[in-house]
Amino acid sequence: MADVLAPAASSAPAYAVGGRVTIADRVVARVARRAAERASTPVRRGPVGTDLPHVDVEVAGRRVRVAARVAGTWPEPAADVASRVAGAVRGELEELVGVRVDDVLVTVEAVVAAAEARRRVS
């Protein structure tokens, strides 16, 4: 679980000053997955396959490591897809969850044609 210190507000009532907010690991994973989904090409592989993006997170206090498996769209370079996904995941986790992201490892596992990607997402 990620522990995030709540800032003390000077105009807040006495009972609301300071404190700690605990964010469940599954929330961290969900935020990371949504960021990866927006920055890559979502792929549904059916009932037996694994959908992409797939995200694993490792949370230690206020620090997070992320491993994401994503799909890209042809002819975009895989390095560009990986860079965009890593930046999106890092930004969303730091901004929305308030954790420090130590590492984002992105693997581009699939490449789909642009026309196929539009059909799958619609």
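Checked against (1) modelled with pLDDT under 90; (2) touching a Leu at 6+ places or on another chain (Cβ under 8 Å), Ala68 meets all criteria but (1).
Evaluation of Ala67 against the conditions (1) assigned to a strand (DSSP E or B); (2) open to solvent by 70 Å² or more (accessible area, probe 1.4 Å); (3) among the small types (Gly, Ala, Ser) shows that the sole unmet condition is (2).
When region 27-63 is filtered for residues that are more than 11 Å from the chain's Cα centre (by Cα) and in a strand (DSSP E or B), the ones remaining, listed by number, are Val43, Leu52, Glu58, Val59, Ala60, Arg63. The single condition among (1) open to solvent by less than 20 Å² (accessible area, probe 1.4 Å); (2) in contact with a strand residue (DSSP E or B) (Cβ under 8 Å, 6 or more places away or on another chain); (3) modelled with pLDDT of 95 or more that Ala35 does not satisfy is (2). Among residues of region 70-96 that are within 17 Å of Val43 (Cβ to Cβ) and in a strand (DSSP E or B), those with a Cβ under 6 angstrom from a residue that is open to solvent by 30 Å² or more (accessible area, probe 1.4 Å) and small (Gly, Ala, Ser), sequence gap 6+ or separate chain, pair up as Gly72/Ala78; Thr73/Ala114; Trp74/Ala113.
The values are calculated or read from the model by the stated rules, or taken from the named source; none is laboratory data. Not measured: the values here are computed from a predicted model. Cβ coordinates were reconstructed from backbone atoms using ideal geometry, including for glycine residues, and neighbour counts include every protein chain displayed. Protein only, heavy atoms only, side chains kept; ligands, DNA and RNA dropped before computing areas. Shrake-Rupley method; radii C 1.70, N 1.55, O 1.52, S 1.80 Å.
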